Amino acid sequence: MSWEFVGIIAAGLTSLAFYPQVVKIYRTKSSKDLSLGSLWQMAIGISLWIAYGISLKNYIIILANAVALIAFLSALVLYYKYRK
C-alpha cells in the first residue's frame, strides 16, 4: 500500500471529522457545549497547516485542511449565532 494513499485516507477522515458537530449545532440551535477558545485554536492551527502545505506544494495537506477549516469556520459562525 502506498503511503500517499494512507495520507489521502487520513486527510479525508480528519478533514470531515468535525462536520457532524456542525450539523449537531445547527439542528439543536445550541453551542453551549463548545469551547470558543478551542474552536479558535483549531482554526488558527488549521490555517497554519494550510500555509505549511503551500510551502511544500503538497496539495493533500492543503485540500484536507481547507475542508477542515470550512467546518471550523462554520462552527464559529454557528457558535456566535446560537450562543445564549
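Just so you know, all these numbers are worked out from the coordinates, no wet-lab data involved. Fair warning: this is a prediction, and the values are worked out from it, not measured in the lab. Neighbour counts are summed over all protein chains in view; Cβ atoms, including those assigned to glycine, are modelled from backbone coordinates with ideal geometry.
Observations
- Helix axis angle, 3-16 relative to the chain longest principal axis, alpha carbon, degrees: 10
- For the peptides 62-70, 34-42, the ranking by packing is 62-70, 34-42, with the highest mean count of neighbouring Cβ atoms within 10 Å listed first.
- Relative contact order of the chain, defined on C-alpha pairs under 8 angstrom at six or more residues apart (%): 45
- Distance distribution P(r), the chain, all Cα-Cα pairs, bin width 10 angstrom from 0: 19, 44, 26, 10, 1 percent.
- Count of Lys pairs (Cα-Cα under 21 Å; at least 8 positions apart or interchain) in the stretch 11-83: 4
- Angle in degrees between helix 19-28 and the longest Cα principal axis of the chain, rounded to the nearest 10: 10
- Whole-percent pair-distance distribution, where bins are 5 Å wide, for the alpha carbons of the stretch 45-84: 7, 26, 24, 15, 11, 9, 6, 2, 1
- The stretch 32-43 - phi-based ³J(HN,Hα) in whole Hz, Karplus 6.51/-1.76/1.60, Gly and Pro as x: 5, 8, 9, 9, 4, x, 5, 4, 5, 4, 5, 4
- Charge dipole of the chain (Cα centre as origin; +1 on each Lys and Arg Cβ, -1 on each Asp and Glu Cβ, all else neutral): 540 debye, rounded to the nearest 20.
- Protection-proxy order for peptides 15-22, 52-59, each taking the mean of Cβ atoms within 10 Å per residue, highest first: 15-22, 52-59
- With the helix formula -39500 (n - 2.57) applied to DSSP H stretches of n ≥ 4, the chain reaches a computed 222 nm mean residue ellipticity of -27500 deg cm²/dmol.
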